[in-house]
Amino acid sequence: MIINIFTIISLFIAAISLILGIFQAGVSVFLYKEWGKAGTGEERTRLEDFAYLVLLIASVILMVRLLSWPLFYATLNSYVSEIQGAMCVAGVAQIQSSMARLLQTVKPLVFFAVGGWLLLNMLDRTTKIGPLMKKKFLLLSLVSLFVIGDSLGEMVYLFKVKATSSVACCTTIFDVPSRSSALIPRSIFGEGYGGLMIPIYYISNSIVIGFLGILLWTGGTGIVTLSVASLLAILNIPFTGICALEKVAPALMELPYHHCLYCFPKNVPDGAIIITLFVIGTFSSGWALMLKAIGRSPETEATLHRYIKNLLWLSFVGLLSSMMMVSVHLIVG
Amino acid sequence: MKKWPIIIVVAFTLIAVAGSLFKKSGGDVCALDAIKIEPIYQVDITPADGKTLKFCCIGCARKWLAGNKGKVEYITVTDEVTGKRIDSSIAYFVESSIVTNQSTGNRIHAFSEKADAEKHAKEFGGTIIQNPFAEP
């Protein structure tokens, strides 16, 4: 285990999340079953007080949990100087590689689930009677399971990373001709695929941004249109990912032969902002769909429409800003 | 029409402009693995059809060459004694116990004078080797 300030903060957050996650998972199932059942006035008041306390704790913990995704990368980055052969996070992630890969897959899902639950909670709190309470407790129990798995995995992983480890640098993973990000476009477009990567990046992102623009222009917030927007945003992830690995990131880093996305924020001062905007832009359309699917009730109707519109705006602005920033770097060079 | 989306997009665009300018003011990084280049160990490769690429050590330059055979116009290395750039074909190379870069583990050193190469080899348990960039 490598002990530094990042490890301590990460372990502290993971431990607290784990304990409260277990508590939340159990209690939310209980509240889901009990909520709305007939009882005496005193019993109902006691249940409501308890439920609001649980929701308050859940909100605080889940908000902190949102930070665990960027904090995880900051922690891995802090290990780079400690591990022989590592030059960036890619090197560190080779230690216990399958676990590191699993955590890197789970964390975005946790981020999405937690963000969605917090939005649902915010929506429900705008009403007087809390019509989404039962749904919130059911979703909270599922989110808590994600949080438990993520926190436990993170703790085990951080304990297993040793300073005595020796790894290969990221060039042996991302710069070899057999890298998967090159094999896929090469098999489709042939050897000249490189020239198509930047146009594909723009086409793919423009389609999503354009569709979101049309939704905002026409005021369409139906479940079908939101599903299409989310689907386009999801499909945009692999396209942007491959284009970023193959051409966009190397061009922005001014390292045409280096295809490591972990090196990207290190070599482009605003690289982390570009990635964050893309993530927020992508997730926001998913959150809009999630709210539409779960948050519908006569009491939330007016607020729900406003929330969905704001999320669509956030998605539009996030993706557009990310693309504009990439464009500026490509033009200014 | 809402104003805040336009303001946010413009603000991030300006941040990108600032980021581009800040990036230009930073030091050179290796074209292969993006680590900062120590000028004394710098290797420059000029491909036949592109601008010169800078590498942090001979090890990284060789790795790049392995995937780009036949595409190179010329290679310059840095004389570790004077810091001058010399053509790799007239340089002397020593593989010794001294690691130039902890990350890559490169142990090959370049010199413009044979006497300097021999001195380094003697002091640090090395041997003079053939031009590592020469094609077999």
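Quick note: the coordinates plus some simple rules give every number you see, no bench work behind them. Please read all numbers here as calculations on a predicted model, not as lab measurements. Ideal geometry is used to build each Cβ from the backbone, glycine not excepted, and the neighbour counts take in all protein chains shown.
The HN-Hα couplings worked out from phi for the stretch B:76-87 by the Karplus form 6.51 cos²θ - 1.76 cosθ + 1.60 (θ = phi - 60°) are 10, 10, 10, 5, 5, 8, 9, x, 7, 7, 10, 5 Hz, whole numbers, x standing for Gly and Pro. Positive-end ranking of A:190, A:214, A:302 along the dipole of chain A, with charges on Cβ about the Cα centre, is headed by A:302. The long axis of helix A:194-218 is offset from the longest Cα principal axis of chain A by roughly 30 degrees.
If the stretch A:224-304 were replaced by its equivalent ellipsoid, with semi-axes equal to the square roots of 5 times the Cα gyration tensor eigenvalues, what would those be, largest first, whole Å? Provide the component values of the computation, followed by the final result.
Values: eigenvalues 247, 35, 9 Å².
One finds semi-axes of 35, 13, 7 Å for the stretch A:224-304.
Between B:115, B:34, B:16, the residue with the greatest mean-square fluctuation in the GNM of chain B (Cα pairs under 10 Å linked by springs) is B:16. This model, with +1 at the C-beta of Lys and Arg and -1 at the C-beta of Asp and Glu, gives the protein assembly as shown a dipole about its Cα centre of some 1300 debye. Applying a DSSP loop filter and a limit of 15 other Cβ atoms within 10 Å to the trypsin sites (Lys or Arg not before Pro) in the stretch B:45-136 leaves B:51, B:69, B:71, B:84.
For chain A, the Cα-based Rg and Dmax, in that order, read 22.1, 74 Å.
3J(HN,Hα) along the stretch A:149-159, derived from phi through the Karplus expression 6.51 cos²θ - 1.76 cosθ + 1.60 where θ = phi - 60°, amounts to x, 5, 5, 5, x, 5, 4, 4, 4, 5, 5 Hz, with x in place of Gly and Pro. Whole-percent P(r), the stretch A:86-199, all Cα pairs, 5 Å bins from 0: 2, 10, 13, 12, 11, 12, 12, 10, 9, 5, 3, 1, 0. Computed from Cα atoms, the angle from the helix B:4-25 axis to the main principal axis of chain B rounds to 20 degrees. Please sort by residue number the trypsin sites (Lys or Arg not before Pro) in the stretch A:7-114 whose DSSP state is loop and whose Cβ has at most 11 other Cβ atoms within 10 Å. When the trypsin sites (Lys or Arg not before Pro) of the stretch A:7-114 are filtered for loop state and at most 11 Cβ neighbours within 10 Å, A:37 remain.
Write out the trypsin sites (Lys or Arg not before Pro) in the stretch A:261-323 meeting two conditions: DSSP loop, and at most 16 other Cβ atoms within 10 Å of their Cβ. Write out the running numbers ahead of the final one.
On the way: sites: A:266, A:292, A:296, A:306, A:309; in loops: A:296.
Those that pass, being in a loop and sparsely packed, are A:296.
In order along the stretch B:97-103, the Karplus-derived 3J(HN,Hα) couplings, from 6.51 cos²θ - 1.76 cosθ + 1.60 at θ = phi - 60°, round to 7, 7, 8, 7, 8, 4, 6 Hz, and Gly and Pro are given as x. The rule of thumb for compact globular proteins, 2.2 N^0.38 Å, goes into the C-alpha radius of gyration of the stretch A:1-113 1.45 times. Once amide H atoms are built 1.01 Å from N in the peptide plane, which residues 5 or more positions from residue A:86, or in another chain, come under 5 Å H to H? For residue A:86, the qualifying residues are A:167. The stretch A:229-305 and the stretch A:162-202 have their alpha-carbon centroids 20 Å apart.
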